[in-house]
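The structure under discussion appears below in the form of structure tokens.
The values are calculated or read from the model by the stated rules, or taken from the named source; none is laboratory data. These numbers were taken from a predicted model, which means no experiment stands behind them. When we count neighbours, we look across all protein chains shown, and the Cβ atoms used for this are built from the backbone with ideal geometry, even at glycine. We work out accessible area using only protein heavy atoms, side chains counted, and drop any ligands, DNA or RNA first. Shrake-Rupley method; radii C 1.70, N 1.55, O 1.52, S 1.80 Å.
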Amino acid sequence: MPVEIERKFVVADPPPEALDCPSEEIDQGYLVADGETEIRLRRRGRSHFITVKKGHGAIREETEVEITSEQFESLWPQTEGWRVEKRRHLIPLDEGLTAEMDVYAGRLEGLFTVEVEFGSEQASRDFTPPGWFGDEVTGDVLYSNQQMALNGRPADP
């Protein structure tokens with residue numbers, strides 16, 4: 001199974017230029033989340049995906065498969081009560097990295113997080129986040145999208 005290596009931060013005050021970067025709406029809902037494995041549906045623009053993630057923290061196994069809109073729509077009702085709405089802004093960083101800043105809507109409105117994915121564990125360890133990133137919440141289950149979908153916005157770290 002492919003591996004995802006990423007770090008996540010809470011953003012208290014996003015810089016205005018970050019909100020001007022290219023962005024897209026994302027709706028995601030969870031079919032299964034047992035603490036070790038999650039299966040989620042995601043609509044990103046006109047594309048639809050089902051994703052399986054295993055583990056937690058900075059390094060997790062991840063498999064994502066594109067599905068048809070019909071498949072998505074047939075499964076989407078099963079995620080009722082376990083959904084997240086957000087707009088993702090793609091912000092270029094140094095060394096070819098991209099910050100993915102999520103601006104949440106619905107019951108998570110007012111929350112901003114940013115994630116950066118890395119090609120290696122070493123690159124993740126060597127990364128120095130810009131000051132505007134705020135507190136790191138990598139591995140904090142309260143800030144996982146699946147937990148926020150179920151329990152709402154966590155208290156500030």
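With every protein chain left in place, what is the accessible area per residue of segment 65-107 in square angstrom, probe 1.4 Å?
59 Å²
VAL84: net charge of surrounding residues, Cβ under 10 Å, Lys/Arg +1, Asp/Glu -1, itself excluded?
Summing Lys and Arg as +1 and Asp and Glu as -1 gives +2.
Ignoring ligands, DNA and RNA, what percent of the accessible area of the chain is carbon or sulfur (1.4 Å)?
49 percent
Karplus couplings for segment 109-121 from phi (6.51 cos²θ - 1.76 cosθ + 1.60, θ = phi - 60°), rounded to Hz, Gly and Pro as x?
Coupling constants for segment 109-121: 3, x, 9, 10, 10, 9, 10, 10, 9, 10, x, 8, 4 Hz.
Expressed as cubic angstrom per residue, what is the convex hull volume of the alpha carbon set of segment 103-145?
Cα convex hull per residue, to the nearest whole number: 93 Å³.
Counting only the heavy atoms of the protein chains, how much of LYS8 is accessible to a 1.4 Å probe, in Å² to the nearest 10?
Here the residue's solvent-accessible area equals roughly 20 Å².
Does segment 1-147 come out rounded, prolate or oblate by the C-alpha gyration tensor, with a ≥ b ≥ c the root eigenvalues, rounded set by a/c under 1.5 and, if not, prolate when a/b is larger than b/c and oblate if not?
In terms of gyration-tensor shape, prolate.
Need one number: nm distance between label points at SER74 and GLU24, each 7 Å from Cα along Cα→Cβ, rounded to one decimal.
Those two pseudo-labels are separated by 2.4 nm.
Mind grabbing the accessible area of HIS48 for me, 1.4 Å probe, Å², rounded to tens?
20 Å²
Tabulate in residue order the Karplus-calculated ³J(HN,Hα) for segment 40-57, using 6.51 cos²θ - 1.76 cosθ + 1.60 with θ = phi - 60°, rounded to whole Hz; enter x for Gly and Pro.
Taking θ as phi minus 60°, the curve returns 10, 9, 9, 10, 10, x, 9, 9, 10, 9, 10, 10, 10, 10, 10, x, 8, x Hz for segment 40-57.
Distance between Cα centroids, segment 1-70 to segment 98-155: provide it in whole Å.
A separation of 11 Å, based on Cα centres.
Quick one: ranking GLU100, GLU115 by accessible area, 1.4 Å probe, largest first, what do you get?
Ranked list, largest accessible area first: GLU100, GLU115.
Under the 0.36 nm per residue contour assumption, what length would be gained going from the current alpha-carbon distance of ARG153 and LEU90 to full extension?
20.4 nm
For the chain, what's the relative contact order in percent, using C-alpha pairs closer than 8 Å and at least 6 residues apart?
Value for the chain: 31 percent.
Scan around PHE112 for amide H atoms under 5 Å from its own, H built in the peptide plane at 1.01 Å from N, and keep only partners 5 or more places away or cross-chain.
VAL11
As a test of the formula, what do you get for the chain when each DSSP H run with n ≥ 4 contributes -39,500 (n - 2.57) and the sum is divided by the residue count, at 222 nm and rounded to the nearest 500 deg cm²/dmol?
-3500 deg cm²/dmol
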